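Worksheet: one structure, shown below.
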Amino acid sequence: MTVPALPTQGGHRSRSIWIDRWSVLRRHRPAMVSLMVLVLMAVFCFSASAYASWMGLDVNATDLMARFNPPSETNLLGTDEIGRDVLLRLMYGGQVSLTIGVLATAFGCAIGVTVGVLAGYLGGRADSFLMRATDCMIALPLVPLLVILAAIDLGKLGLPPEIVQSPSVSFWRIVIIISLVDWTTIARVVRAGTLTIAHQDYVLAARVSGGRAPYMIGIHVLPNVATPIIVAATLTIGRVILLESTLSFLGVGVMPPTPTWGNMLNNAQELASTAPMLAVYPGLLIFLTVITFNFLGDGLRVAFDPRSQQR
Amino acid sequence: MGRYSLRRIAEAALVALIMSFLLYNLISLLPGDPVDLMLEGNPSVTPELVAQMRALYGDNQPLVQRYWHWLGNLASGDLGYSSSQFKPVMEVLGPALLQTSKLMIWTFVISILTSIVLGSLAAFKPGGWIDNVISFFAFACVSSPAYWVALLFLIVFSVKLQWFPATATAIDPDMGLLKQMSYFVLPILTLTLFSVGQYVRYVRASMIETLASDYIRTARAKGLSRITIVRRHALRNALVPVVTLMALSFGSLMSGALVVETMFGVQGMGKAIYDAVMMKDFNVAMIGMLFATLVTLFASLVADLAYGWLDPRISLK
């Protein structure tokens with residue numbers, strides 16, 4: 001006996017929820033503008049080496065005869081206090097800042113998701129312990145804490161000297177310390193999500209059928225808390241970029257000559273009266289990047305909210 | 001209520017103790033150690049002398065013991081000695097606390113009032129042009145690096161226009177009050193922008209929710225003006241959830257204070273902590289950090305207890 005195919009209701013084809021969400025997001029104008037700005041920003045930053053070879057410039061080449069040059073055909077935004085091309089340094093600096101933003105957020109997410117899922121899934125003592133720990137983390141003043149973490153002597157932690165003295169250590173140190181302090185929002189969001197999911201009937205059914213914790217978390221919990229994680233992570237990237245630039249500005253972040261937007265501003269601070277524009281460009285780029293991440297996060301929040309789904 | 005408060009206070013005290021231990025561990029990981037720093041550049045140092053000094057300062061004992069010793073001193077009112085400024089920690093951080101409190105209290109008052117007004121205005125008509133302008137302003141505030149705003153203010157108002165002095169290090173108590181205040185205008189303005197951005201969004205979200213409730217519709221049906229509705233009916237209810245968020249933001253205000261104080265040369269707590277870390281002044285860094293943490297813990301405790309007072313429906317168990 002053959003079962004006749006059911007007619008699709010009202011002529012609607014079934015659509016993936018992601019297509020629905022995308023169509024809501026597309027109507028959120030600030031988020032769409034932000035997305036475009038971010039793509040352009042990434043292209044701008046990551047075309048640095050192509051631009052350098054095309055213009056025949058070197059990011060760290062100093063020329064004391066060409067200090068504070070005004071914008072010209074070779075140096076589109078002029079040169080800085082030791083004759084380096086400002087535009088090229090902005091591009092390379094952006095690469096570093098964006099990479100730190102994404103990496104530190106990814107690591108922070110890993111910590112936050114672990115803490116949140118464990119707290120929400122295990123409940124009871126484990127939950128109250130983990131959430132108290134999260135509260136403690138929130139009570140610590142972020143920037144002073146990061147300043148201390150950035151100044152810590154890695155040798156005292158027992159790391160071998162070849163790692164402590166390697167040039168990329170300041171980059172990785174910033175990534176790690178920021179992710180160590182900035183996971184609390186994600187942990188709370190994930191815990192709240194896990195709590196709701198873990199008490200749904202279908203999850204209970206899966207549990208009585210003998211589903212083990214790793215399976216339950218992987219199949220039922222994580223996919224259902226994915227959307228709030230995406231929203232929180234987007235907002236976190238913006239905050240991480242701000243924190244990184246603050247630390248580099250205070251002189252405890254990524255060390256020169258590697259440019260970042262933050263340490264370019266550190267240089268510009270002393271030159272505020274001679275070359276104010278050097279202080280304007282990097283700050284403007286940080287501002288633009290962070291505000292677009294914030295608008296995008298806000299748009300995603302609206303798009304992922306089932307109450308705002310209009311078909 | 002009484003039992004809940006007591007339990008909450010005991011809990012906060014325990015947390016404070018644990019935090020102080022963690023901070024002590026963290027600070028001891030800073031480069032160098034106190035004895036080396038003290039004997040630095042002294043040509044007549046012998047290994048025996050170093051060993052004696054270490055024994056004297058208890059530097060050769062395990063960390064937990066040193067922590068107990070430090071805690072005992074703290075309990076008896078001895079905060080230790082600043083190795084960079086050669087005076088007791090109390091005399092370093094006392095005046096710093098005064099400067100920071102001036103900065104914080106002004107900032108807190110101005111930004112709460114501003115954000116209540118702006119947040120309520122935005123909530124009248126969500127999505128309207130007033131809301132869009134205010135929301136964009138709030139986003140811009142939380143997205144701009146505080147030090148960059150400070151730098152731009154310095155370039156524009158201190159260097160170009162010369163309206164306000166650039167650095168507060170020149171402050172002395174003999175100046176007139178007005179003159180002293182002029183040093184604080186730019187730091188307060190920067191710090192206010194930084195916190196208004198957050199608060200406006202809290203107030204707006206909470207106010208939109210409150211204005212959608214039935215009793216507000218009743219009030220509107222009675223023909224009350226929008227101002228009266230907000231002031232008499234909505235404000236108190238809308239502020240309940242905002243209070244906790246504001247209390248918790250004390251820590252982030254402290255973060256902002258570090259940056260702003262360093263930029264404008266205000267000799268406050270934030271700058272004291274930053275300088276102490278840079279100069280490897282362990283005692284000052286420790287007490288400064290601990291104090292900043294305790295203030296946030298205390299603020300969130302007060303917010304928790306104030307909840308019951310602001311909203312009688314919340315029964316505290």
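Looking across the stretch B:209-262, the residues that are charged (D, E, K, R) and either at pLDDT below 85 or not assigned by TED's automatic domain parsing to the domain that holds residue B:98 (or both) come down to B:220, B:226, B:231, B:232, B:236.
I'm trying to understand the selection: among the residues of the stretch A:237-282, which are assigned to a helix (DSSP H, G or I), β-branched (Val, Ile, Thr) and in contact with a Gly (Cβ under 6 Å, 6 or more places away or on another chain)? Outline the logic, then answer.
Of the residues in the stretch A:237-282, the ones assigned to a helix (DSSP H, G or I) are A:237-250, A:261-270, A:276-282.
Going one step further and asking which of them are β-branched (Val, Ile, Thr), we end up with A:237, A:240-241, A:246, A:280.
A:237, A:240, A:241 - these are the residues of the stretch A:237-282 that are assigned to a helix (DSSP H, G or I), β-branched (Val, Ile, Thr) and in contact with a Gly (Cβ under 6 Å, 6 or more places away or on another chain).
The C-beta contact set for the stretch B:97-121 (first residue in the same structural domain as residue B:137 (by TED's automatic domain parsing), second residue surrounded by 22 or more Cβ atoms within 10 Å (Cβ to Cβ) and not in a helix (DSSP H, G or I), distance under 7 angstrom, 6+ apart or interchain) comprises B:99/B:266; B:99/B:268; B:100/B:268; B:103/B:266; B:103/B:268.
Taking the stretch A:28-54 as the range and being small (Gly, Ala, Ser) and either touching a strand residue (DSSP E or B) at 6+ places or on another chain (Cβ under 8 Å) or not in a helix (DSSP H, G or I) (or both) as the test, only A:47 passes. The residues of the stretch B:132-159 that are β-branched (Val, Ile, Thr) and facing chain A (nearest Cβ under 10 Å), listed by number, are B:142, B:149, B:155, B:156, B:159. Of all residues in the stretch A:279-294, those being within 7 Å of chain B (Cβ to nearest Cβ) and at pLDDT 90 or above number 5. Listed conditions (1) more than 14 Å from chain B (Cβ to nearest Cβ); (2) buried (at least 21 other Cβ atoms within 10 Å of the Cβ) are all met by residue A:201, apart from (2).
Can you give me the number of residues within the stretch A:127-138 that are more than 8 Å from every other protein chain (Cβ to nearest Cβ) and not polar (S, T, N, Q)? Before you say what the answer is, go through the steps one by one.
The initial filter retains those residues of the stretch A:127-138 that are more than 8 Å from every other protein chain (Cβ to nearest Cβ), namely A:127-131, A:133-134, A:137.
Narrowing further to those that are not polar (S, T, N, Q): A:127, A:129-131, A:133, A:137.
The total comes to 6.
Summed over the stretch B:232-267, the residues that are away from chain A (no Cβ under 14 Å) and not hydrophobic (A, V, I, L, M, F, W, C) give a count of 6.
Every residue in the stretch A:14-36 that is among the basic types (Lys, Arg) and over 22 Å from residue A:291 (Cβ atoms), please. Before you say what the answer is, go through the steps one by one.
Here is the first cut: in the stretch A:14-36, the residues among the basic types (Lys, Arg) are A:15, A:21, A:26-27, A:29.
Within the stretch A:14-36, A:15, A:21 qualify.
Residue selection: residue A:102 fails the criterion of being more than 13 Å from residue A:282 (Cβ to Cβ), crowded, with 18+ Cβ neighbours inside 10 Å and at pLDDT 90 or above. Look at the stretch B:289-302: where a residue is within 9 Å of another protein chain (Cβ to nearest Cβ) and a partner is among the β-branched types (Val, Ile, Thr), sitting 6+ places away or on another chain with Cβ atoms under 9 Å, you get B:289/A:148; B:289/B:27; B:289/B:273; B:292/B:273; B:296/A:138; B:297/B:15; B:300/A:138; B:300/B:244.
The values are calculated or read from the model by the stated rules, or taken from the named source; none is laboratory data. Because the structure is predicted, anything quoted here is derived from the model rather than measured. Here the Cβ is made from the backbone with ideal geometry for all residues, glycine too, and neighbour counts use every protein chain on show.
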